[in-house]
């Protein structure tokens, strides 16, 4: 093989951007120059199509952010050299002025200048002492670190290497199977720990070898969660210390880790090398072995390795000095917990003199072309052979306990010469015989790199390989030649008990949860995660956007460090080292340069180097193009990856005529608390074939990042920013996941699962089933949304339900052709015809409603879910025609009628029936205070008009949050005067108007009128609803109570918002709140369910009759309690006691026509939920008073983001229109069917 063919194919010729960069002060963007200087590549290299991002038309290239950063480079220097230049320039000017003053005998001026010089030197004292403190020098990311490479295990047999490749963890000698005899894991040994107040003191103690008092500590762990005198800190974008890069506080908690261990191997062979590998340390550390300095490293999320051959002994003392804060902290401001410590494994590795493989890079594309580029140490031994082998081994379980070795498909060898340092082994497989890797079909092979010397195996490395190609063309990201839609999720590494230490079981749980809920992509926000996670994504099948450990969210402007040449090493090393470690994983289809760090020369250089290292994947990056948040469409990214655009802007991005890049939202739908409204709008656009460049996005984010705390009552709650004594914090902004810290799905998961489901059903028109004889059928259109998979793995069923029962009328099965194209599906309903006729013959006056429910579930076990797991659901309303007319009226409830009497005083009206009180009205407040349809008062409190709700996190998000980020002082009032209040939070509007739970409005009566007839009583009152604080009128309200002799009660409301609310963006709600007796805990309703849903988050909630309880209907697992548990589009809700008696409640429009309402029932009042900041603030209740909300109108949740009021107009409760509605209270006896009572028109006459 020639020397040309042995070079690594992905090594690019260097591009000399230097001259243009120096002239422009920024990277060139001229496409002709770039194309001219792009080197040619072998055909095996995958190309990313050139797009208009390289032209001035398509790229966002406003220079204001770069100009600001260039100016600030000197005004606010951020590294040692520029700090010293600034120090000396100012000092020189002051000294010159002093000399001038002395020469002119200006003694007072001279004295003042001397004082100024002293003050300047005192102010700059930390800068003066900065040299030598590497933890505050961004030009030094590490000392003595070995070059980054893919994980190496140095196996000594092919069999062990193949077995280990099919396991998720990186194996070691002290694992149960002992597959890697040359890797010794130092975890779980007797580590000891001492925490010091400063880095200087810790280093002094180690150098002086002073005897310290150590405490036991677990490794890996975060010491902030191990009971030491330090604490976790949460911030979103602000730094937890003064922002003066690269300086960090002098009071810098620094841990000294101490470990005594014995070398597990003989040290007699002097030619053997030993290295010490740390997989993750936060945030910087010095390493000492046997009192010798080994090395230094920064970057909390990537491994680093040191050569310890000269220092290793039979018995050893390892000391690791870990600084909590370093200059690296400035680029790790990542909307997560600031922790500290050795949070990933530590390994001692033995490398024999003949084990020369230093790195190997695998490229396997969909055409069958396989390339393995190997880096080697120099070795003069003549008889060395390098072999690449490919096996079709089967990994049968995620944990690797089950596997099935298969035959070797390929062997490729190369005889090494002493001069060979870079060797490329290439082969072409028959693509027709290959099973390609995708997230839907994660087919993997085992690749083995074997080094032999004199016919003896001296080193073996292995990894799992997936054949697949990623490229961009026609405005879409293609995998294996087909465009994909990204159903994505952002994921932090988080465990509620262990912080940044995430177990294999937790990783598997996360991936399975994503797969089970129809996600196909994960973004490793905002750093590279544990190596095992990528191995698991390879196995289960998840696309991965691998993101570099860079975010400078708290910098103002964000790009100051990205454009500062003093930080080049920091940026470039973090990005390129990530690529070096992870590039053999098939699951990774994007490289991300980082997050929210602006743009500048450092990113451009890093991007170029990434393209040199790997042309097989697009490079993406959200930030840049603005002083604060990024645009997502600068010259740095191959994909437009804007974060949090609202729906109109999302569509605009996908239809810009000057763009041809795909649009994939790197973050959207901020899942903070009860959120994720409007998801259906996003997915209607993502699936729209008329928007071919709009290809999905990643929700923010997966897990509520709460930390478990003892509540002092035998339970626990989840803490967030400020709960640990951390004074600088961003409160609950880390509680923004679709799953709880314990991975329990929040209700919004059902919504996104439905919207992303892999098969869509539709009908061209309403389903009218004509029953002719005994046969009937329905025709549906089915669309397979899978890109690569047919539907043979799914089993299909249907059931027919009605508004009359919780049980289906009939269930059946059907077959769906295993095809990729759209096709019709015929569902035979013959079996239901007779049952429908029976129901129709006894239907209530308002008729029956029927629903056809489609279900698609796994036909057999998958690696990520068991057989029967539901993946697809759909519901269609069905109308049956041609049935016989009813021959007998349905039997409705019968209530004995009695003569009504009224007893009235100044504030109360009591209505009696047969001389027994059955209802009481507080005429001053317009509330129903008692209701006795039987022997028991069903009301535990009053039923009153309600306009407030327990504020959600989104309700509290508005312009005030953005202003707090931009300005160090409050400017809210100034902003209001200049630009108005429209963009401020809904909660601020409600607080101003007096519509909050902590200060609810007051109600006063102006006049009442009572009319008594034999069979009904009418009480009409006119009320004023006022701001409790300033008495300003908010609403004028007319309430009409009508009480019937059969003990039904109708309360009609006419609500007229007043002029004082004209600037309020939306009312929280318009409805009724009541407290029911705790015995009425058996709840049944007809509406959307079974899970919580809201006007703007209800696509997945199907119509039906559902049974529930107050404990289950309310959702109390939001870490921060708030409005919860609502059910939309309800027609009735009933509450019954054990004896089946109770009441049915119906909310109707005032014209007595059919109308839907929202309802909720909980054991906690709205005011209790609003006041609680943690779940532990709520009393522990299993029973008691039931707090019920009946909402004529309820504002949606929003969720496009949580810092602006993003509830769309159609989901707002407008403050400039009247509201008319009726609430009916209908008594129920034991035999009464609530569905019939609520559907009977006579109940409302």
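Going residue by residue through the range 190-197, is there one that turns out to be in the same structural domain as residue 305 (by TED's automatic domain parsing), surrounded by fewer than 19 Cβ atoms within 10 Å (Cβ to Cβ) and under 27 Å from residue 273 (Cβ atoms)?
Yes, the conditions are met somewhere in the range 190-197.
With respect to the numbered conditions (1) part of a loop (DSSP other than H, G, I, E, B); (2) touching a strand residue (DSSP E or B) at 6+ places or on another chain (Cβ under 6 Å); (3) buried (at least 24 other Cβ atoms within 10 Å of the Cβ), which one is the sole condition not fulfilled by residue 668?
(1)
Taking the conditions exactly as written (at pLDDT below 95, part of a loop (DSSP other than H, G, I, E, B) and surrounded by 24 or more Cβ atoms within 10 Å (Cβ to Cβ)), does residue 627 satisfy them or not?
In short, no.
Taking residue 1123 as meeting all but one of (1) closer than 22 Å to residue 1197 by Cα; (2) touching a helix residue (DSSP H, G or I) at 6+ places or on another chain (Cβ under 9 Å); (3) assigned to a strand (DSSP E or B), write down the number of the exception.
(3)
Determine if the range 1007-1021 includes at least one residue that is touching a residue at least 12 places away in the same chain (Cβ under 8 Å) and closer than 30 Å to residue 1206 by Cβ.
Scanning the range 1007-1021 turns up no residue that is touching a residue at least 12 places away in the same chain (Cβ under 8 Å) and closer than 30 Å to residue 1206 by Cβ.
Within the bounds of the range 764-777, is there any residue that is surrounded by fewer than 18 Cβ atoms within 10 Å (Cβ to Cβ), under 20 Å from residue 858 (Cβ atoms) and in the same structural domain as residue 864 (by TED's automatic domain parsing)?
No - not one qualifying residue is present in the range 764-777.
Quick check on my filter: what residues within the range 207-223 are in contact with a strand residue (DSSP E or B) (Cβ under 7 Å, 6 or more places away or on another chain) and either surrounded by fewer than 17 Cβ atoms within 10 Å (Cβ to Cβ) or at pLDDT below 95 (or both)?
Those that are in contact with a strand residue (DSSP E or B) (Cβ under 7 Å, 6 or more places away or on another chain) and either surrounded by fewer than 17 Cβ atoms within 10 Å (Cβ to Cβ) or at pLDDT below 95 (or both): 212, 213, 214, 215, 216.
Go through the range 293-409 and tell me which strands (runs of 3 or more DSSP E), entirely inside it, have 1 or more residues that are more than 30 Å from residue 133 (Cβ to Cβ).
Passing ranges, in order: 315-323, 346-351, 357-364, 369-376, 384-391.
State whether the residues of the range 410-421 include one that is in a loop (DSSP other than H, G, I, E, B), under 37 Å from the mean Cα position of the chain (by Cα) and outside the structural domain of residue 719 (by TED's automatic domain parsing).
There is no residue in the range 410-421 that is in a loop (DSSP other than H, G, I, E, B), under 37 Å from the mean Cα position of the chain (by Cα) and outside the structural domain of residue 719 (by TED's automatic domain parsing).
Of everything in the range 709-722, what is within 21 Å of residue 493 (Cα to Cα) and either touching a helix residue (DSSP H, G or I) at 6+ places or on another chain (Cβ under 9 Å) or surrounded by fewer than 16 Cβ atoms within 10 Å (Cβ to Cβ) (or both)? Give them in sequence order.
Once the filter is applied, which keeps residues that are within 21 Å of residue 493 (Cα to Cα) and either touching a helix residue (DSSP H, G or I) at 6+ places or on another chain (Cβ under 9 Å) or surrounded by fewer than 16 Cβ atoms within 10 Å (Cβ to Cβ) (or both), the range 709-722 yields 709, 717, 718, 720, 721, 722.
So residue 632 fits all but one of (1) under 17 Å from the mean Cα position of the chain (by Cα); (2) assigned to a loop (DSSP other than H, G, I, E, B); (3) closer than 18 Å to residue 525 by Cα; what number is the exception?
With respect to (1) under 17 Å from the mean Cα position of the chain (by Cα); (2) assigned to a loop (DSSP other than H, G, I, E, B); (3) closer than 18 Å to residue 525 by Cα, residue 632 is out only on (1).
Within the range 809-831, identify whether any single residue is at pLDDT 80 or above, touching a helix residue (DSSP H, G or I) at 6+ places or on another chain (Cβ under 8 Å) and either buried (at least 18 other Cβ atoms within 10 Å of the Cβ) or under 30 Å from residue 437 (Cα atoms) (or both), and answer yes or no.
yes
Residues being in contact with a helix residue (DSSP H, G or I) (Cβ under 6 Å, 6 or more places away or on another chain) and closer than 20 Å to residue 629 by Cβ: count how many of those fall in the range 583-595.
Number of matching residues: 1.
What are the pairs, 6+ residues apart or on separate chains, where a residue within the range 806-819 that is in contact (Cβ under 8 Å) with a residue 24 or more places away in the chain has its Cβ under 7 Å from a residue that is assigned to a strand (DSSP E or B) and surrounded by fewer than 16 Cβ atoms within 10 Å (Cβ to Cβ)?
From the range 806-819, the pairs are 806/1107; 817/823.
Are any of the residues in the range 718-730 closer than 20 Å to residue 1096 by Cβ and part of a strand (DSSP E or B)?
no
Among (1) crowded, with 20+ Cβ neighbours inside 10 Å; (2) closer than 27 Å to residue 339 by Cα; (3) modelled with pLDDT of 95 or more, where does residue 729 come up short?
(3)
The values are calculated or read from the model by the stated rules, or taken from the named source; none is laboratory data. Remember, it's a predicted structure, so these values are computed and weren't measured experimentally. Cβ atoms come from the backbone with ideal geometry, glycine included; neighbour counts cover every protein chain shown.
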